[in-house]
Amino acid sequence: MENNFDVVLIAQVIPTLLQYLPITFEILVFSILFGMMLGIVLAIPKLLHIPILKQIITFYISFIRGTPILVQLFLVFYGIPALLKLIHIDVTRMDSMYFVIITYTFTR
């Protein structure tokens, strides 16, 4: 079983990958913007040394850093609709792009 580097295969796949480049940039821009806003909101209680909020935020940060991004994607994609269904809000028809942006926002 040989695993050779195939330049022809890469040349065939690059046009397909380039089609999805705008979507990648959209995810990048929105997750950075929303992540910065979330980061500022989470940094204020830590800087002001508010005891309970500081502990909750520290737990959140350690949970996010210790969990693989794929697990976080599953938690957001399946968990948010399940939680919102409890209060009779149906988001199952929402575009999955929003869940990706939400997940990457939480990890920024």
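The values are calculated or read from the model by the stated rules, or taken from the named source; none is laboratory data. Everything quoted here is computed from the prediction, not taken from an experiment. No Cβ is skipped: glycine too gets one built from the backbone with ideal geometry, and neighbour counts run over all protein chains shown. Just the protein is used for accessible areas: all its heavy atoms, side chains included, with ligands, DNA and RNA removed. Shrake-Rupley method; radii C 1.70, N 1.55, O 1.52, S 1.80 Å.
Miscellaneous remarks
- Scan of the stretch 1-39 for residues that are open to solvent by 100 Å² or more (accessible area, probe 1.4 Å), modelled with pLDDT of 90 or more and among the aliphatic types (A, V, I, L, M), ordered by number: L17, L18, M36, M37
- Of all residues in the stretch 39-74, those satisfying the criterion of being closer than 19 Å to I102 by Cβ and of a type in the set (F, W, Y) are Y60, F63, F74.
- Count of the stretch 41-96 residues, restricted to those that are within 17 Å of the chain's Cα centre (by Cα) and in a helix (DSSP H, G or I), is 22.
- Residues satisfying the stated conditions in the stretch 52-64, i.e. of a type in the set (A, V, I, L, M, F, W, C) and open to solvent by 70 Å² or more (accessible area, probe 1.4 Å): I52, L53, I56, F59, F63
- Among the residues making up the stretch 65-108, those that are more than 22 Å from I32 (Cβ to Cβ) and open to solvent by 70 Å² or more (accessible area, probe 1.4 Å) are F74, Y78, L83, K85, L86, I87, H88, I89, D90, T92, R93.
- Residues of the stretch 1-38 that are over 21 Å from I101 (Cβ atoms) and either in contact with a strand residue (DSSP E or B) (Cβ under 7 Å, 6 or more places away or on another chain) or acidic (D, E) (or both): E2, D6.
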